[in-house]
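Everything below concerns the one structure shown next.
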Amino acid sequence: MTFEEQIAELQRIYDESSDIVFFGGAGVSTESGIPDFRSQDGLYNQQWNYPPETIISRSFFDHDPKEFYRFYRAKLIIKDAKPNAAHIALAEMEAAGKLSAVVTQNIDGLHQKAGSKKVFELHGSTLRNYCMNCGEEYDIEYIEKSKSSPDTLPHCKKCSGLIKPDVVLYEESLNDNVVEGAIKAISKADTLIIGGTSLVVYPAAGLIRYFSGKNLVLLNKSETSSDRDANLVIHDSIGKILKNLKICPN
């Protein structure tokens, strides 16, 4: 099919659906200038003292929080990023009553910034941070400013405990409530649109097995292991694809 024919088919699926869930990964945010982890220019292909997947593990955070925060501030805090066409289209789909939820592996908060209300953040968010001792909450600005502190680490103003981002690191479990909400949304959807993810990061990627609806749509620049199971596959930019949709209410 040509791109125009693919968009026409996606439009048909959208028009006939009443309960759409979007499951997205890093590719949704790359068009906002946020690097992914596995592409040619992603974080996994840049030079650090340790592999990025080691640095953003819980054991590394506990062992060397200074090096963790050096990497975290440089690579995972991108405060000036703005929602792109994909984020905006998804928020419009929700406002139109067609999209019931966004399930995301991203930690940048751009879906909410675009206006999405029902967002399940499987891996947490850089926008939320908490004291590991007393639970006091802190925003992203506090983490940023703390790099000028004597030991460059963010400490709680109340009890001096170490502050940790509310991000799921390697070796940590996903939040049960978030997972339960995502499973419930996916399992009752009539259409599941998967975009910007290679579907290789588990357990998050395993959630799509709960989908039993009518239409499975894959939007990704490269092939995935689920392409053969989809009703429609479009290998192109997610923003380019979704901004071509005519978003009408139910």
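The values are calculated or read from the model by the stated rules, or taken from the named source; none is laboratory data. This is a predicted model, so every value here is computed, not measured. Note: ideal-geometry Cβ built from the backbone for every residue, glycine included; neighbour counts use all protein chains shown. Each accessible area value is taken on the protein alone, full model and side chains, heavy atoms only, with ligands, DNA and RNA left out. Shrake-Rupley method; radii C 1.70, N 1.55, O 1.52, S 1.80 Å.
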Of the numbered conditions (1) of a type in the set (S, T, N, Q); (2) over 17 Å from the mean Cα position of the chain (by Cα); (3) open to solvent by less than 20 Å² (accessible area, probe 1.4 Å), S212 fails exactly one; give the number of that condition. (3)
Exactly one of I56, I20 is touching a strand residue (DSSP E or B) at 6+ places or on another chain (Cβ under 9 Å), among the hydrophobic types (A, V, I, L, M, F, W, C), modelled with pLDDT under 95 and crowded, with 20+ Cβ neighbours inside 10 Å, and that one is I56
Can R70 be described as out of contact with any helix residue (DSSP H, G or I) (no Cβ under 7 Å at 6 or more places or on another chain), basic (K, R), open to solvent by 80 Å² or more (accessible area, probe 1.4 Å) and not in a helix (DSSP H, G or I)? no
Among the residues of segment 154-166, are any modelled with pLDDT of 95 or more, within 14 Å of the chain's Cα centre (by Cα) and outside any loop (DSSP other than H, G, I, E, B)? yes
Suppose we filter S125, S146 for residues that are closer than 30 Å to G206 by Cα, touching a helix residue (DSSP H, G or I) at 6+ places or on another chain (Cβ under 9 Å) and small (G, A, S); which single one remains? S125
Could you grab the pairs with beta carbons closer than 6 Å, sequence gap of 6+ or different chains, first residue in segment 126-138 and under 20 Å from K75 (Cβ atoms) and of a type outside the set (F, W, Y), second one part of a loop (DSSP other than H, G, I, E, B) and open to solvent by less than 70 Å² (accessible area, probe 1.4 Å)? T126/I77; T126/I107; L127/G109
Among what's in segment 36-53 and is at pLDDT 70 or above and surrounded by fewer than 18 Cβ atoms within 10 Å (Cβ to Cβ), pick the residue that is farthest from the chain's Cα centre (by Cα). N49
From L162, L219, residue being open to solvent by less than 30 Å² (accessible area, probe 1.4 Å) and on the phi < 0 side of the Ramachandran plot: L219
Give me a count of the residues in segment 222-235 that are touching a strand residue (DSSP E or B) at 6+ places or on another chain (Cβ under 9 Å), surrounded by fewer than 16 Cβ atoms within 10 Å (Cβ to Cβ) and not charged (D, E, K, R). 2
Looking at G195, is it open to solvent by less than 10 Å² (accessible area, probe 1.4 Å) and not charged (D, E, K, R)? yes
Among residues of segment 1-17 being over 20 Å from G97 (Cα atoms) and not in a helix (DSSP H, G or I), the residue most open to solvent (accessible area, probe 1.4 Å) is M1
Of everything in segment 106-125 that's crowded, with 22+ Cβ neighbours inside 10 Å and polar (S, T, N, Q), which residue is farthest from V167 (Cα to Cα)? S116
Given segment 173-250, what strands (runs of 3 or more DSSP E) lie entirely inside it while holding 1 or more residues that are in contact with a Phe, Trp or Tyr (Cβ under 6 Å, 6 or more places away or on another chain) and in contact (Cβ under 8 Å) with a residue 40 or more places away in the chain? 191-195
